[in-house]
Amino acid sequence: PSIRTPEARISAVYACSVVSFKGGSAFAGRFVERHGARKAIGIGSVGVLISAVLASRARSLPELYATAGLLYGVSLSLVNNAGFSLPSMHDFGPRSGLAQALVSVGSGVGHMALSCFYGAGQARGLGWR
């Protein structure tokens, strides 16, 4: 489906996702402390997947803000905070810097893989934006 709205208003959805990501980070850290990193990453990953599917089917700008903006940002804050805090939860001794570096690199590779995944979905005509 197509949303007939000026591109600048649709682009503001990204700003909404950044604000919800940064705002959600304040609560995600506490969630990780209480419930553990594994649960936070699991819930966040499912939220990111659901946000991608729902955003691809959005029929209005408010739906796009709710899915690609709010849900995506909050879900990603769970994954990001849990992932980056894992090396500090374990004793890697002199290799803690290497552990943190691997987490950082993995985050970049994950974003690149998602980009390729979305591109393949568009190329196959799945209707994903």
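The values are calculated or read from the model by the stated rules, or taken from the named source; none is laboratory data. This is a predicted model, so every value here is computed, not measured. Note that we place each Cβ from the backbone using ideal geometry, even for glycine, and neighbour counts take in every protein chain shown. The accessibility values were calculated without ligands, DNA or RNA, using every heavy atom of the protein model including side chains. Shrake-Rupley method; radii C 1.70, N 1.55, O 1.52, S 1.80 Å.
Things to note:
- Calculated FRET efficiency for the pair residue 22/residue 117, C-beta based, R₀ 25 Å, to 0.05: 0.55
- Think of a 1.4 Å ball rolled over the protein heavy atoms: segment 1-84 then has 59 Å² of accessible area per residue.
- Dipole of the chain, positive direction: furthest Cα of 100, 114, 58, with charges on the beta-carbon: 58
- Working note: 222 nm ellipticity from helices only, DSSP H runs with n ≥ 4, each -39,500 (n - 2.57), summed and divided by the residues of the chain, gives -26500 deg cm²/dmol to the nearest 500.
- Selected from 67, 78, 42, residue furthest toward positive end of dipole (segment 6-98; charges at beta carbon): 42
- When you count the other C-beta atoms within 10 angstrom of each residue and take the mean per peptide, 5-12, 95-102, 16-23 line up highest first as 16-23, 95-102, 5-12.
- Cα centre as origin, Lys/Arg/Asp/Glu Cβ charges: segment 17-75 dipole, Debye: 120
- Share of carbon and sulfur in the accessible area of the chain stands at 66%, probe radius 1.4 Å.
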